[in-house]
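The values are calculated or read from the model by the stated rules, or taken from the named source; none is laboratory data. Just so you know, these numbers come straight off a predicted model, no measurement behind them. Because the Cβ atoms are built from the backbone with ideal geometry, glycine has one as well, and the counts that use them run over all protein chains shown. Accessible surface areas use protein heavy atoms only, side chains included; no ligands, DNA or RNA. Shrake-Rupley method; radii C 1.70, N 1.55, O 1.52, S 1.80 Å.
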Amino acid sequence: MAGRLSRLANGGRVFFANSGAEANEVAIKIARKRARALGQEVIVTLERSFHGRTMATLSASGQPEKQAPFAPTLEGFAHVPAGDLKALRVIFQTRPVAAFLAEPVLGESGVHVLSAEFLGEAARLCAQADALLIMDEVQTGLGRCGAAFAYERYGLLPDVVTIAKTLAGGLPMGAAVIGGRAEGVLGPGDHGSTFGAGPVVAAAANAVLDLLEEPGLFERVELLGARLETWLRRLVRAGTATEVRRLGLMAAVDLAGVNAKETALAALEAGILMNATSEVTLRFLPPLMVTSEEIDRVGRFLVEHLAAVRPALQQGVGA
Ligand SMILES: Cc1ncc(COP(=O)(O)O)c(C=O)c1O
């Protein structure tokens, strides 16, 4: 399992954990241990990012409202706005950076796809500063974005790749694939996990990797993602949405004048499970086995429901 995962990612060694937060936790510990030796100070992450709910990963996540109830958070993190090249360059110029940790597509905050220019510049700055490039692929990885990992679509090779969610098909498993500049940082006794890679979850993960290696899967993901995007763009043309964002089968739409959470509830009544990440944004991460008929059903529901609800709202009915 470790060998397969390593070959699929960056060729590094694999640490197995039980969740995405724990996978990121080990990446953060590696960056910190290495930083002590090199005199580096800060791990750069993105505003509106999400890396987990443990204290270190909460501190890494750029969401002050989630951090506030548990303050003080850990020191040693600096958050820059996603896509802000100037802020990214300034932080690398002014602080000794230990690592750049990011989701290639910010999932929890509503599918914000990083530009190739921004992520490429982050990788270049990391190489220049001898800092680690850590990609949080917990949500984007294992086929979700039309490649084994989303970073491949940017032509990057991270030092550490963190994985969970899909990995054991719903059983609790996380992993960090540790290569490049991160190799050899952790020694015996530095880190561990009692249940990491237990036989049941490892067998499930092997089965997931079998499916992932099936020819045509990534093409299918891209095709179905494009089909979903076509439906969502119809909403923009109809004036019931303002923006669509997507990479592979990871998509979001910002609604116009209609509450996303109420829309998700209405969808549930129609037998469709969808996720509102805010009052405005609907997020779609269907299982990769979703069919084109199912995508059409969701698209048709949205077109018809939003067209029906919006005029009523505009006339003050039900407002
Ligand atoms: C990008 C990302 N990183 C980390 C996590 C945390 O994973 P877990 O809930 O398995 O700890 C999540 C969970 O939603 C996530 O989306």
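Values as computed for the structure displayed
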{"read-out": "Of all residues in segment 175-185 being in contact (Cβ under 8 Å) with a residue 40 or more places away in the chain and over 15 Å from E22 (Cα atoms), the one that is nearest to the ligand (Cβ to nearest atom)", "value": "A182"}
{"read-out": "Output for segment 225-265, where each listed residue is touching a Lys or Arg at 6+ places or on another chain (Cβ under 6 Å) and closer than 13 Å to T277 by Cβ", "value": "M250, A252"}
{"read-out": "Residue match in segment 180-203 (condition: closer than 30 Å to R36 by Cα, touching a strand residue (DSSP E or B) at 6+ places or on another chain (Cβ under 6 Å), open to solvent by 20 Å² or more (accessible area, probe 1.4 Å) and among the charged types (D, E, K, R))", "value": "yes"}
{"read-out": "Residue identified as within 12 Å of the ligand (Cβ to nearest atom), surrounded by fewer than 24 Cβ atoms within 10 Å (Cβ to Cβ), modelled with pLDDT of 95 or more and not assigned by TED's automatic domain parsing to the domain that holds E243 among P172, P104", "value": "P172"}
{"read-out": "Qualifying positions in segment 26-72 - at negative phi and near the ligand (Cβ under 9 Å from one of its atoms)", "value": "S49, F50, H51, R53, T54, T57, S61"}
{"read-out": "Top-ranked residue of segment 217-240 - restricted to ones that are within 23 Å of the chain's Cα centre (by Cα) and of a type in the set (G, A, S), ranked as most open to solvent (accessible area, probe 1.4 Å)", "value": "A226"}
{"read-out": "Count of segment 276-298 residues which are assigned to a loop (DSSP other than H, G, I, E, B) and of a type in the set (V, I, T)", "value": "4"}
{"read-out": "Qualifying positions in segment 238-272 - in a strand (DSSP E or B) and not hydroxyl-bearing (S, T, Y)", "value": "A241, E243, V244, R245, R246, L247, M250, A251, A252, V253, D254, L255"}
{"read-out": "Conditions (1) at pLDDT 95 or above; (2) away from the ligand (no atom under 12 Å from the Cβ): number failed by K165", "value": "(2)"}
{"read-out": "Pairs, first farther than 15 Å from T140 by Cβ in segment 5-25, second near the ligand (Cβ under 9 Å from one of its atoms) and open to solvent by 40 Å² or more (accessible area, probe 1.4 Å), C-beta under 7 Å, six or more apart", "value": "N18/P172; S19/P172; A21/R53; A21/T54; E25/T54"}
